[in-house]
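Participant: My structure is below; once you've seen it, I'll send some questions.
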Amino acid sequence: MTDIEKVVEDTAVELLRIAVTELPIEYVEAMKEGLEETEGAVGRAQLRNILENVEIAREESKPMCQDTGVVAFIAKVGDGFPLRSRLKEVLVSATRRATGEVPLRPNAVDMFRGNTRDNVGLNGHVPIIYIDLMEGDDLELIAMPKGGGSTNIAAHRMLKPGLGWKGIKQFVIEALADAGSLGCPPYFVGVGIGGGEDLCMILAKKALLRPFQVRHENPEVATIEGELLEKINRLGIGAMGLGEGPTALDLHIELSARHPASLPVGVVISCWALRHAMAIISKEGEVEIDKSA
C-alpha cells in the first residue's frame, strides 16, 4: 500500500466513524428549535430523546442508531490526484476496517449467501461509490451511510411531462404522506427531477447533502423548495410519527434535463440522523475534515 492509499483509507474510516457518531451541529440546533416550538408533551419527549441520544453518541463515540446503514461514498477526484484506479479498492478496505473498528453493524446481505459480515457485497457494488472528476489536485471524499428504514420509503415515479410542476409537487407530498412514521422523522428530503429513471434517484440522494437550509440557486426552484417543505410539515406526521413537532427539517431539489416524453422524479428521504462527513485530501496527503459538509 502506498502512502497516499493509506491516507485515503484512514480518512475514509474516520469519516464513517464521524458520520455514524456525530450529527452535524446545525441539525441538532434545528431540533432544539423544534423542541421549543412544539407544544405537545409527546412530541417534546420524542425530540428530547433524540437530542439525548445524539449527545451520548458524540460523547462516547458510539453509533447514534443501531442501523448504521449501507455504506456509500461520493468521491470527486482531481486531475492531479495520484490515486485513481485503485480508489475503489481502498474504499472497500476502509469499509471492512470501519465495520470492526467503529463498529458498524454488518448490513450487506447477499441474496444466496446471506450477510457478508463486513459491509462489503460479494459482487463489488457495495459499498456504493459515486465517482466524479474535477479540476485540481485534491480528492473530495464524502461518507454517507444510509439506514434501511428511510431507504425503504424512497419513492420514484415516471410522470407524464404535461403534469409539470403541479404533478411533481403532488407526487412529493404523496410520497411523504405514504412514508408516514416509517422512516423515523423529522425527515430530510431530497428530490431529483429529470435525467432518467436512475439519474433522478441519484440526484435526489445527492440533494440531501446540500448545505442545511440553503435554497436552490434558481429562485423559482428555491420558492418551490420552501413551498414543499411547508406543505410537508402541514401533514402533521411529527417527530417519530406521533403527530407533534416537525415532520421535516429541510428539502432540496436537484434538476437535470430530460427526454421530451419523460418526467422522472425521485424522492429520497433521510431519517433525523442524516449521517455524512466530508474530507479534502491533497495530493501530498494532507487532510482537512469538514463534519458539516
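What follows draws every value from the coordinates through simple rules; no lab data is involved. In this text, all values refer to a predicted model and were calculated from it rather than measured experimentally. We place every Cβ from the backbone using ideal geometry, glycine too, and count neighbours over all the protein chains shown.
Participant: So who's got an amide H within less than 5 Å of the one on G195, skipping anything under 5 residues away but keeping other chains? H placed 1.01 Å off N, in plane.
Facilitator: Long-range HN contacts for G195: S256, A257, R258, H259.
Participant: Okay, moving on. With Cβ to Cβ distances under 11 Å as the rule, what net charge do the other residues near A207 carry (K, R +1; D, E -1)? Intermediate results must be reported in sequence, preceding the final value.
Facilitator: Values: positive: K205, K206, R210; negative: E225, D250, E254.
So the surrounding residues net to 0.
Participant: Once the other residues with Cβ under 13 Å from the Cβ of G164 are scored (Lys, Arg +1; Asp, Glu -1), what is the net sum? It would help to have the intermediate numbers written out before the result.
Facilitator: Values: positive: K160, K166, K169, R258; negative: E220.
Computed value for this residue: +3.
Participant: Let me ask something else about it. For K231, go through the lysines and keep the ones whose alpha-carbon is under 16 Å away, minus same-chain ones fewer than eight residues off.
Facilitator: By straight Cα distance, K231 reaches K166, K169.
Participant: Put +1 on the Cβ of each Lys and Arg and -1 on the Cβ of each Asp and Glu in the range 148-270; which of I224, V265, A207 then has its Cα farthest toward the positive end of the dipole?
Facilitator: The listed residue farthest towards the positive side: V265.
Participant: Write down the Kirkwood hydrodynamic radius of the range 70-187, to one decimal in angstroms, obtained as one divided by the mean of 1/r over all alpha carbon pairs.
Facilitator: Numbers: mean 1/r = 0.0589 Å⁻¹.
Kirkwood hydrodynamic radius for the range 70-187: 17.0 Å.
Participant: Jot down the radius of gyration and Dmax of the range 1-154, Cα atoms only, both in angstrom.
Facilitator: According to the Cα coordinates of the range 1-154, Rg and Dmax are 17.8, 56 Å.
Participant: Below 15 angstrom from the Cβ of I74, what's the summed charge of the other residues (Lys, Arg +1; Asp, Glu -1)? Intermediate values should be presented prior to the final figure.
Facilitator: Values: positive: K76, K88, K146, K205, K206, R210, R275; negative: D132, D138, E140, E254, D290.
Taking every Cβ under 15 Å from that of I74, the sum is +2.
Participant: Give me the angle, in degrees from 0 to 90, between the Cα long axis of helix 3-21 and the longest principal axis of the Cα atoms of the chain, rounded to the nearest 10.
Facilitator: Here the helix axis deviates by roughly 30 degrees.
Participant: Moving on to the next point. So what's the angle, to the nearest 10 degrees on a 0 to 90 scale, between helix 87-101 and the longest Cα principal axis of the chain?
Facilitator: That helix lies at roughly 80 degrees to the long axis.
Participant: Measuring from the lowest to the highest alpha carbon on each principal axis, how far does the chain reach, largest first, in angstroms?
Facilitator: Result, largest extent first: 53, 49, 41 Å.
Participant: Ok, one more. Rounding to the nearest 10 and keeping the result within 0 to 90°, find how far the Cα-based axis of helix 219-234 lies from the longest principal axis of the chain.
Facilitator: Helix 219-234 and the main axis of the chain meet at about 70 degrees.
Participant: Which whole-number value in Å³ per residue fits the convex hull of the alpha carbons of the range 6-96? Let's see the in-between values first.
Facilitator: Working: hull volume 11.1 nm³, N = 91.
About 122 Å³ per residue, rounded to a whole number.
Participant: Right, another one. Which value at 222 nm does the chain reach when only helices count, each DSSP H run of 4 or more adding -39,500 (n - 2.57), with the total divided by all residues and rounded to the nearest 500 deg cm²/dmol?
Facilitator: Details: 8 runs with 112 residues, N = 293.
Taking each H run of at least 4 residues, the total per residue is -12500 deg cm²/dmol.
Participant: Between E286 and S181, what is the label-to-label distance in nm when each label sits 7 Å out along the Cα-to-Cβ direction?
Facilitator: Rounded to a tenth, the inter-label distance reads 5.1 nm.
Participant: Tell me, what are the semi-axes, in whole angstrom and largest first, of the equivalent ellipsoid of the range 148-270 as set by the roots of 5 times the Cα gyration tensor eigenvalues? Mind dumping the intermediate values first?
Facilitator: Working: eigenvalues 100, 44, 34 Å².
Each semi-axis is √(5λ); the values are 22, 15, 13 Å.
Participant: Which values of log₁₀ I(q)/I(0), to two decimal places, follow from the Debye formula for the range 203-293 at q = 0.11 Å⁻¹ with a uniform point scatterer at every Cα?
Facilitator: Each listed q corresponds, in turn, to -0.44.
Participant: Can you tell me, using C-alpha contacts under 8 Å and at least 6 residues apart, the relative contact order of the chain as a whole percent? It would help to have the intermediate numbers written out before the result.
Facilitator: Numbers: 628 pairs, mean separation 74.9, N = 293.
So the answer I get is 26 percent.
Participant: Let me ask something additional. Which cysteines in the chain lack any other cysteine whose Cβ sits under 4.7 Å from their own Cβ?
Facilitator: C65, C200
Participant: For the range 1-148, give the magnitude of the charge dipole about the Cα centre (Cβ charges: +1 Lys/Arg, -1 Asp/Glu; no others), in debye to the nearest 20. Could you put the intermediate results ahead of the total?
Facilitator: Numbers: 17 positive and 27 negative charges, 173 e Å.
Taking the Cα centre of the range 1-148 as origin, the dipole is about 840 debye.
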